[in-house]
Amino acid sequence: MFIKRLDFISPPVTFYHQGYLSHSSIISGIISIISVAFIFSLTLYFLLDIIKRDDPNVFFYNTFIEDAGIFSLNSSGLFHFISMGTILNDLEMNGVNFTDFRIVGFEESIEFYLKDGNLYSRNHWLYGQCNNKTDTEEIGYLVDYSFFEKSACIRKYYSIEDQQYYDISDSKFRWPEITHGTFHKDNKAYYILVEKCREETLNLILEGGQKCRNFFDSDNLTIPFYGIINFYFVNHYIDVLNYENPIIKYIF
């Protein structure tokens, strides 16, 4: 009988018994079918939690990595921009007035520049007005600040080898990098200096023959003035419940 052939409960025998390997019975076959059905139902019940992802138990943890890798400071890596504002009654961000300030980035410590004042003795990057069409490729949806295009983004790269500046659209332009992590012996940081405007570089980032305002030498500073500089950059967090795209980017 077919049901008897489904019996896996009865113990085996040394000799075939009426064509069976065990002393099978209809009752044993029925119990075997019920057991298989119960095991299958139980398996399906727990699998549904995994398939439907209902009420998951999730966790994350931090771990130390000696070599954190290489991160370019562009829209596909660690994109950033700088904005300034004043604190009078309320904080108001106004971007950057480049006729007041010059912002320069270095891949080496700024101590050398503070000592000799020679900007052209090292590779460096000049900051100018941001452009949401060219600066934020693939992450433009993150930038919803009204002052963004008045803020400061990297615009020019100065190569000490070629002794000239390159725009971000030039093939010889390169982005600064932060490499390997704080505790790695070959780590490389990135330094940003904000100083008063210098006309030698002003017209490289602004059009129309602009002049520095000499803000720091004017009577404006006799007015009670409180300034703030905000450094915005793309940060990430892991959304453990987002199974399709768990790495979430945001502006910090």
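The values are calculated or read from the model by the stated rules, or taken from the named source; none is laboratory data. Just so it is clear, the model here is predicted, and its values are computed rather than measured. Quick reminder, even Gly has a Cβ in these numbers, built from the backbone with ideal geometry, and neighbours come from all protein chains shown.
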* **Single match in Asn132, Asn94 (criterion: surrounded by fewer than 16 Cβ atoms within 10 Å (Cβ to Cβ), more than 29 Å from Asn187 (Cα to Cα) and in contact with an Asp or Glu (Cβ under 8 Å, 6 or more places away or on another chain))** => Asn132
* Has region 143-162 got any residue that is exposed (fewer than 14 other Cβ atoms within 10 Å of the Cβ), in contact with a Gly (Cβ under 7 Å, 6 or more places away or on another chain) and not hydroxyl-bearing (Ser, Thr, Tyr)? -> no
* Structure fact -> Flagged pairs (Cβ under 9 angstrom, 6 or more apart or on separate chains; first in region 56-71, among the hydrophobic types (A, V, I, L, M, F, W, C); second loosely packed, with under 10 Cβ neighbours inside 10 Å and modelled with pLDDT under 90) are Val58/Leu241; Ala68/Thr182
* Structure fact -> Filter region 145-161 for residues that are under 22 Å from the mean Cα position of the chain (by Cα) and assigned to a strand (DSSP E or B); the one that is nearest to His80 (Cα to Cα) is Cys153
* Select from region 237-252 the residues that are surrounded by 10 or more Cβ atoms within 10 Å (Cβ to Cβ) and at pLDDT below 90 and write down the one among them that is nearest to the chain's Cα centre (by Cα). => Tyr237
* To do: Looking for whichever is farther than 25 Å from Arg198 by Cα, at pLDDT 90 or above and touching a Lys or Arg at 6+ places or on another chain (Cβ under 6 Å) here; the options are Thr179, Thr99. Which one fits?
  => Thr179
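Condition check ((1) touching a residue at least 40 places away in the same chain (Cβ under 8 Å); (2) under 16 Å from Gln129 (Cα atoms)) across all residues:
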{"residue": "Ile168", "(1), (2)": "no, yes"}
{"residue": "Phe173", "(1), (2)": "no, no"}
{"residue": "Glu177", "(1), (2)": "yes, no"}
{"residue": "Gly181", "(1), (2)": "yes, no"}
{"residue": "His184", "(1), (2)": "yes, no"}
{"residue": "Cys197", "(1), (2)": "yes, yes"}
{"residue": "Asn203", "(1), (2)": "no, yes"}
{"residue": "Leu206", "(1), (2)": "yes, yes"}
* Would you point out which residue out of Ser35, Ser24 is of a type in the set (S, T, N, Q) and modelled with pLDDT of 85 or more? => Ser35
* Any chance region 162-185 includes a residue that's of a type in the set (A, V, I, L, M, F, W, C) and within 19 Å of Ile110 (Cβ to Cβ)? -> yes
* To do: Run down Leu78, Leu42, Leu47 and say which single residue is surrounded by 15 or more Cβ atoms within 10 Å (Cβ to Cβ), at pLDDT 85 or above and either assigned to a helix (DSSP H, G or I) or in the same structural domain as Gly105 (by TED's automatic domain parsing) (or both).
  => Leu78
* All but one of (1) under 30 Å from Ile248 (Cα atoms); (2) at pLDDT 95 or above; (3) not hydrophobic (A, V, I, L, M, F, W, C) hold for Asp135, so report the exception by its number. => (2)
* To do: Using the structure shown, decide if Tyr113 is within 25 Å of Asn187 (Cβ to Cβ) and in contact (Cβ under 8 Å) with a residue 12 or more places away in the chain.
  => yes
* To do: Go through region 165-198 residue by residue and tally those that are among the acidic types (Asp, Glu), more than 23 Å from the chain's Cα centre (by Cα) and not in a loop (DSSP other than H, G, I, E, B).
  => 2
